[in-house]
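Since the structure comes first, as structure tokens, the remarks are kept for the end.
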Amino acid sequence: MTQLHVFTTGGTIDKVYFDALSEFQVGESPLDAILREANVGLDYELTSLMKKDSLELTDEDRDVIFDAVATSAAERILITHGTDTMVQTADRLRGVEGKTIILTGAMQPARLRSTDAIFNVGFAIAAAQLQAPGVYIAMSGRVFPAGQVRKDRAAGQFVDAQD
């Protein structure tokens with residue numbers, strides 16, 4: 001049985017830079033390469049659900065994510081997601097019972113030299129193995145339960161919702 005089911009949805013972690021457009025766009029996820037290069041030693045399955053900036057995600061997209069997670073045979077789930085609406089998706093997933101669900105992403109695309117993506121993915125894999133069932137956001141070396149976290153744009157990180 002798969003120990004970890006990884007779902008990709010797009011977001012900054014998957015962005016690529018197009019010189020002609022002078023902007024980033026969501027491209028193919030580098031996650032498979034990241035996991036292989038890191039020599040991840042657990043059995044995982046990788047599924048791409050969508051390739052969207054999180055600001056473009058709709059309630060219907062969140063339903064697709066919910067259904068994929070709920071029907072996965074795995075009890076441990078990792079979702080890569082854009083940071084702008086990660087909190088909303090985490091809240092939507094709170095109805096899934098009996099699974100440990102970790103959402104993570106990046107402030108800088110994984111393809112850039114100075115990215116937090118690789119650290120965040122590794123940290124999230126560890127969190128998925130160690131946390132009790134529930135829904136969490138794992139970013140910047142911290143794990144937050146869904147419903148108790150917000151993105152602090154000025155600081156460029158996630159913080160406790162009360163802060």
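The values are calculated or read from the model by the stated rules, or taken from the named source; none is laboratory data. It should be emphasised that the depicted structure is a prediction, and the values quoted were computed from it without experimental measurement. Quick reminder, even Gly has a Cβ in these numbers, built from the backbone with ideal geometry, and neighbours come from all protein chains shown.
Of all residues in the stretch 112-150, those satisfying the criterion of being modelled with pLDDT under 90 and either closer than 19 Å to V87 by Cβ or in contact with a strand residue (DSSP E or B) (Cβ under 6 Å, 6 or more places away or on another chain) (or both) are D116, A117, S140.
D67 satisfies every condition listed in (1) out of contact with any helix residue (DSSP H, G or I) (no Cβ under 8 Å at 6 or more places or on another chain); (2) part of a helix (DSSP H, G or I); (3) over 23 Å from D32 (Cα atoms) except (3).
When the stretch 1-33 is filtered for residues that are of a type in the set (S, T, Y), part of a strand (DSSP E or B) and modelled with pLDDT under 80, only Y17 remains. So, in the stretch 62-88, exactly how many residues are touching a residue at least 40 places away in the same chain (Cβ under 8 Å) and either touching a Pro at 6+ places or on another chain (Cβ under 7 Å) or among the polar types (S, T, N, Q) (or both)? Qualifying residue count for the region: 3.
When the stretch 123-163 is filtered for residues that are surrounded by 16 or more Cβ atoms within 10 Å (Cβ to Cβ) and in a helix (DSSP H, G or I), the ones remaining, listed by number, are F123, A124, I125, A127, A128.
Taking the stretch 34-59 as the range and being closer than 18 Å to T83 by Cβ and in a loop (DSSP other than H, G, I, E, B) as the test, the residues that pass are D53, L57, T58. If you scan the stretch 122-148, which residues turn out to be β-branched (V, I, T) and out of contact with any helix residue (DSSP H, G or I) (no Cβ under 6 Å at 6 or more places or on another chain)? Result: I125, single match.
A single member of L103, L57, L78 is over 13 Å from the mean Cα position of the chain (by Cα), closer than 24 Å to S140 by Cα, at pLDDT 80 or above and buried (at least 20 other Cβ atoms within 10 Å of the Cβ), and it is L57.
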